[in-house]
Amino acid sequence: QVQLVESGGGLVQPGGSLRLSCAASGTIFRIYVLGWFRQAPGKERELAATITSGGSTNYAGSVKGRFTISRDNTKNTVYLQMNSLQPEDTAIYYCYSTVQSNAASPARVFWGQGTQVTVSS
């Protein structure tokens, strides 16, 4: 089993910044994609950003240029630096990963429990 533990959420004023972290632990052979999804009240969960094991990144259009995703493979950790935050960025942010637990098993998707980000004055 794999656990994803997020941290770094909170309340920030418009124009401010936050940095989210997500550490993966458990039975891990290889981590492929790491990423962040978000879900605003009354809306469906949507992609924010992803990063592959090789470092290729993908961003939602709404966050491109403001958010930066990165990963530390030595720590099995993914980060999301969020700058120029706006009220519409308010959501629960969920960490996402595709993990292979051993060489013989297929990769599976795992989710974190979510961390609240609120942008308000």
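The values are calculated or read from the model by the stated rules, or taken from the named source; none is laboratory data. From a predicted model like this one, the values you see are computed outputs, not experimental measurements. Cβ: placed from backbone, ideal geometry, glycine included. Neighbour counts: every protein chain shown. Please note that ligands, DNA and RNA were not included when accessible areas were found on the heavy atoms of the full protein model with its side chains. Shrake-Rupley method; radii C 1.70, N 1.55, O 1.52, S 1.80 Å.
Which FRET efficiency value, to the nearest 0.05, do you get for Ser53 and Gln113 by plugging their Cβ-Cβ distance into 1/(1 + (r/R0)^6) with R0 = 22 Å?
Rounded to the nearest 0.05, the efficiency is 0.40.
Multiply the residue separation of Ala40 and Ser120 by 0.36 nm, subtract the distance between their alpha-carbon atoms, and state the gained length in nm to one decimal.
The span from Ala40 to Ser120 would gain 27.4 nm if fully extended.
How large is ³J(HN,Hα) for each residue in the stretch 12-19, as worked out from phi by the Karplus curve 6.51 cos²θ - 1.76 cosθ + 1.60 (θ = phi - 60°), to whole Hz, x for Gly and Pro?
So the Karplus estimates, Gly and Pro as x, are 9, 7, x, x, x, 10, 9, 10 Hz.
³J(HN,Hα) across the stretch 37-47 via Karplus (A = 6.51, B = -1.76, C = 1.60, θ = phi - 60°), whole Hz, x for Gly/Pro?
Values per residue, Gly and Pro as x: 10, 9, 9, 8, x, x, 10, 7, 5, 9, 5 Hz.
Give me the compactness ratio for the chain, meaning the Cα radius of gyration over 2.2 N^0.38 Å.
Expressed relative to 2.2 N^0.38 Å, the Cα Rg reads 1.04.
Can you tally the net charge around Asp89? Count Lys and Arg as +1, Asp and Glu as -1, for every other residue whose Cβ sits under 14 Å from the Cβ of Asp89.
After counting each charged neighbour, the total is +3.
Sort Tyr93, Tyr79 by accessible area with a 1.4 Å probe, largest first.
Greatest to least solvent exposure: Tyr79, Tyr93.
Could you check the simple spin-label distance between Ala60 and Gln81, using points 7 Å along Cα→Cβ, in nm with one decimal?
Computed distance between label sites Ala60 and Gln81 equals 2.1 nm.
Lys/Arg Cβ at +1, Asp/Glu Cβ at -1, dipole of the chain taken about the Cα centre: which of Gly35, Gln81, Val99 is farthest positive-ward?
Selected residue: Val99.
Taking only C-alpha pairs under 8 Å that are 6+ residues apart, what is the relative contact order of the chain in percent?
So the answer I get is 37 percent.
What figure in square angstrom, to the nearest 10, would you give for the accessible area of Lys75 with a 1.4 Å probe?
120
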